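Engineer: Before we start, here is the structure in question, set down as structure tokens.
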Amino acid sequence: MTTLLEDFLSGDRSRVIQAVWETIHSRDPVILDPLVAALPQIRRTAAKLDLGGMIYSNNGHLEHAFTKLEHYRDGKCWCAAYPGILTHDPRKEEAAGRIKILSTSEPGWSMTYLAECTVCGRHFDIEQGDHHFTWWNWVPQGLKRRRGEV
């Protein structure tokens with residue numbers, strides 16, 4: 001079994017894309033710590049690749065994975081990674097226990113959500129839209145408490 005670091009450094013497009021998504025969805029320090037330590041090397045190696053993408057560039061997802069690792073390195077809450085990428089479905093995030101949906105608009109393709117991070121309490125206004133795929137734009141309202149505080 002290969003590590004995510006090996007996947008990022010492989011130069012193989014499919015392995016790098018797989019590593020990107022695992023990084024974006026992970027909250028496991030055992031997985032993320034080695035990536036943070038090697039972030040400059042990963043940036044140099046993986047950033048040279050054209051990762052393709054039909055509607056949205058996979059290189060944009062790569063940059064988002066880098067941002068998530070930087071936020072993690074800097075001690076920011078996990079929710080700091082929500083803005084900037086359109087693929088975080090609030091219903092899936094709630095099912096994973098990462099947020100609590102406080103309210104929604106009427107169901108439909110243009111729904112809005114108000115959600116709260118279960119770690120730091122930050123509230124987000126989330127706009128759902130649809131254009132070739134369903135997307136979610138997360139806008140933070142503010143910070144109530146820091147990670148690790150009760």
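The values are calculated or read from the model by the stated rules, or taken from the named source; none is laboratory data. On a predicted model such as this, the values are computed, not experimentally measured, just so you know. Backbone-built Cβ (ideal geometry, glycine too); neighbour counts: all protein chains shown. The area values use the complete protein model at the heavy-atom level, side chains included, leaving out ligands, DNA and RNA. Shrake-Rupley method; radii C 1.70, N 1.55, O 1.52, S 1.80 Å.
Engineer: According to a simple spin-label model (label point 7 Å from Cα along Cα-to-Cβ), what is the distance in nm between residue 110 and residue 131?
Structural biologist: Between residue 131 and residue 110, the simple spin-label model gives 1.3 nm.
Engineer: Quick one: net charge of residue 43's neighbours, Cβ under 12 Å, K/R +1, D/E -1? Please report the intermediate quantities before stating the final value.
Structural biologist: Working: positive: 44, 48; negative: 63, 70.
Taking every Cβ under 12 Å from that of residue 43, the sum is 0.
Engineer: Would you please name the chymotrypsin sites (Phe, Trp or Tyr not before Pro) within the range 34-88 that are DSSP coil residues with at most 15 other C-beta atoms within 10 Å of their C-beta? Let's see the in-between values first.
Structural biologist: On the way: sites: 56, 66, 72, 78; in loops: 56.
Taking the range 34-88 and a limit of 15 other Cβ atoms within 10 Å, the loop chymotrypsin sites (Phe, Trp or Tyr not before Pro) found are 56.
Engineer: Something else now. What nm value, rounded to one decimal, do you get for the distance between residue 28 and residue 14 when each label is placed 7 Å out toward the C-beta?
Structural biologist: That separation, rounded to one decimal, is 2.2 nm.
Engineer: How much FRET efficiency would the formula 1/(1 + (r/R0)^6) give for residue 71 and residue 2, where r is the Cβ-Cβ distance and R0 is 22 Å, rounded to 0.05? Could the numbers behind the result be given before it?
Structural biologist: Details: r = 25 Å, r/R0 = 1.13.
In this case the efficiency is close to 0.30.
Engineer: Starting from the Cα gyration tensor of the range 61-119, multiply each eigenvalue by 5, take the square root, and state the resulting semi-axes largest first in whole Å. Write down the numbers at each step before the final one.
Structural biologist: Numbers: eigenvalues 109, 38, 14 Å².
Ellipsoid semi-axes (Å, largest first): 23, 14, 8.
Engineer: For the range 37-97, what is the relative contact order in percent, using Cα pairs closer than 8 Å and at least 6 residues apart in sequence? List each step's numbers first, then the result.
Structural biologist: Numbers: 25 pairs, mean separation 13.0, N = 61.
Across the range 37-97, relative contact order equals 21 percent.
Engineer: Further question: Calculate the radius of gyration of the Cα atoms of the range 1-41 to one decimal place, then report Dmax, the largest Cα-Cα distance, as a whole number, both in Å.
Structural biologist: 9.4, 25
Engineer: For the chain, what % of the accessible area comes from carbon and sulfur atoms, probe 1.4 Å? Mind showing how you got there, number by number?
Structural biologist: Values: 4380 of 8320 Å².
The C+S portion of the solvent-accessible surface of the chain is 53 percent.
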